[in-house]
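A quick write-up on the structure given underneath.
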Amino acid sequence: MELINGPKTPSWLQKLQWITNPIGYMDSAAKNYGELFNGTVIGNYDPLLLVSNPQALQQIFTSDTKQFSAPANNLLQLILGNHSIFMLEGDRHRRERKLLMSPFHGDRMRAYGELICDITEQFFSQLTSGKTFYARDTVQDISMGVILNAVFGIDDLKRFHRLKQLMVSLMDSLQSPLTLGLLYFPFLRRDLGVWSPWSNFRRLQQQIDDLIYAEIKERRQQDNSSNTDILTLLMSARDEVGETMTDTELHDELLTLLFAGYETTSNAIIWALYWIHYLPEVREKLIKELDSLGEKPEPMSIFQLPYLSAVCNESLRIYPVALLTVPRAVKQPVNLMGYKLEPGTRLYGCIYLTHQREDLYPEPKKFKPERFLERKFSPYEFMPFGGGVRRCLGEALAMFEMKLVLATILSHYELALAYQRPVKPQRRGVNLTPAGGLKMVMKEKRKTV
């Protein structure tokens, strides 16, 4: 294979840069090496290619299963288990994806609409006028409420609070570069005492596992086939040969939905809140659009609003919910961007760098929702939820939740940033979140005309 350039620093140092400052690492690598470079930041693969050329991404994603395979995402195995959809390949992946797809479309989505609005109102109505609050905490409460009700069907408040507490603790632990390093450096996974990073990580995992298995066990003993939550649907779903999901498969998929739908969706909403209140003209346009629907609009009417959609898309463009796509592996010799790649070569679509291309998005660091009103971007130019057979299956629910939460907040409340200054991104697990949790002020309940 022809040598593809990339950063010359040792692999372990590149991993540290990736853990502590992924934006700086990618911006620097793209500036020096362009839209295809060798960045050995995950696993022990060399070469490991990061791609941000839309034509190359189209070739990779439309050739899925022929020239490229979509192998398991071993980086997340430590968190999500062996039976998560992220770990499955081939026929097993297709079977599981088919089982998981049905709850995220059509009438099921409409049923979640009022739930999302009600939960948002429930948490924001508890905030005191004139007082500051951290947007991250409140929005995470909302996202957890949506996930537990829509996905798990949990209405046990004690279990709700305990599971939320454990998930927040697990995510907080991944904010530490040392704990996050457990995903990238296996030699760090050593039990050095009860408060060591590895021991703490495993203890939190075990407690979360116990709660999820307890929920599955209770539901197996009940006849709630009329329930509309995703757990009920998954428990009753059967594949082509009539097989249902085992407890372990259910556990791993529920944990995957919790992990993906909680932290990533809440981060997307928090970033949007920042941009909306950092740029007054954006908020004014949104309020005008929302008010045009009148009082108590239908959730699907909110979902279809063009400027709200543009604001959400632009927020996801600048800080996507994932920096990279799920990996692909070359199955047979293939030419990509003038290079001949050999079987076994690993590639990642670099979502962040694709979204930062000057030729697609002039002044890419600036927040300009109008981009998405002026032209339509292909799935290889705008891809906040990945692409190909590994594209995030919860995308529709995530966008639905993002829009309805923002619409409910903006329609009913006057908020402001506590400090009117730029916010820097901070790594939190596999996501980027506003540093400091985004401190805001609840000014007053909004008086609609």
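For the reader, a short list of remarks on this structure follows.
- Top-ranked residue in the stretch 110-132 [being part of a loop (DSSP other than H, G, I, E, B) and in contact (Cβ under 8 Å) with a residue 24 or more places away in the chain; ranked as surrounded by the most Cβ atoms within 10 Å (Cβ to Cβ)]: Leu127
- Among the residues listed as Ile287, Ile302, the single one being surrounded by fewer than 18 Cβ atoms within 10 Å (Cβ to Cβ), over 14 Å from the mean Cα position of the chain (by Cα) and touching a residue at least 40 places away in the same chain (Cβ under 8 Å): Ile287
- Condition met for Leu279 (surrounded by 18 or more Cβ atoms within 10 Å (Cβ to Cβ) and either in contact (Cβ under 8 Å) with a residue 12 or more places away in the chain or β-branched (Val, Ile, Thr) (or both)): no
- Failed item, numbered, when Arg357 is tested on (1) under 20 Å from the mean Cα position of the chain (by Cα); (2) over 30 Å from Ser125 (Cβ atoms): (1)
- Checking Ala396 against (1) in a loop (DSSP other than H, G, I, E, B); (2) out of contact with any Asp or Glu (no Cβ under 8 Å at 6 or more places or on another chain), the condition it does not meet: (1)
- Among the residues of the stretch 287-334, those identified as assigned to a helix (DSSP H, G or I) and closer than 19 Å to Val423 by Cβ are Val311, Cys312, Glu314, Ser315, Leu316, Arg317, Ile318.
- Members of the stretch 335-354 that are over 27 Å from the mean Cα position of the chain (by Cα), closer than 14 Å to Gln55 by Cβ and assigned to a strand (DSSP E or B): Asn335, Leu336, Tyr339
- Members of the stretch 126-154 found to be β-branched (Val, Ile, Thr) and under 17 Å from the mean Cα position of the chain (by Cα), listed by number: Val139, Ile142, Val146, Ile147, Val151
- Selection within the stretch 419-449: residues that are under 26 Å from the mean Cα position of the chain (by Cα) and surrounded by fewer than 16 Cβ atoms within 10 Å (Cβ to Cβ). The member of this set that is farthest from Asn267 (Cα to Cα) is Arg421.
- When Glu263 is tested against (1) of a type in the set (Asp, Glu); (2) under 26 Å from Asn313 (Cα atoms); (3) over 16 Å from the mean Cα position of the chain (by Cα), just one condition goes unmet, and that condition is (3).
- When residues of the stretch 366-382 are limited to those that are part of a helix (DSSP H, G or I) and surrounded by fewer than 17 Cβ atoms within 10 Å (Cβ to Cβ), the one nearest to the chain's Cα centre (by Cα): Leu373
- Cβ pairs under 6 Å, 6+ apart, first in the stretch 251-273 and over 30 Å from Lys366 (Cα atoms), second hydroxyl-bearing (Ser, Thr, Tyr) and at pLDDT below 85: Asp252/Ser84; Thr256/Ser84
- For Ala407: the one exception among (1) in a helix (DSSP H, G or I); (2) closer than 28 Å to Ile60 by Cα: (2)
- The residues of the stretch 198-214 that are of a type outside the set (A, V, I, L, M, F, W, C) and modelled with pLDDT under 85, listed by number, are Ser199, Asn200, Arg202.
- Taken as a whole, the stretch 356-365 holds no residue that is closer than 20 Å to Phe61 by Cα, out of contact with any Cys (no Cβ under 6 Å at 6 or more places or on another chain), part of a helix (DSSP H, G or I) and among the aliphatic types (A, V, I, L, M).
The values are calculated or read from the model by the stated rules, or taken from the named source; none is laboratory data. Not measured: the values here are computed from a predicted model. Backbone-built Cβ (ideal geometry, glycine too); neighbour counts: all protein chains shown.
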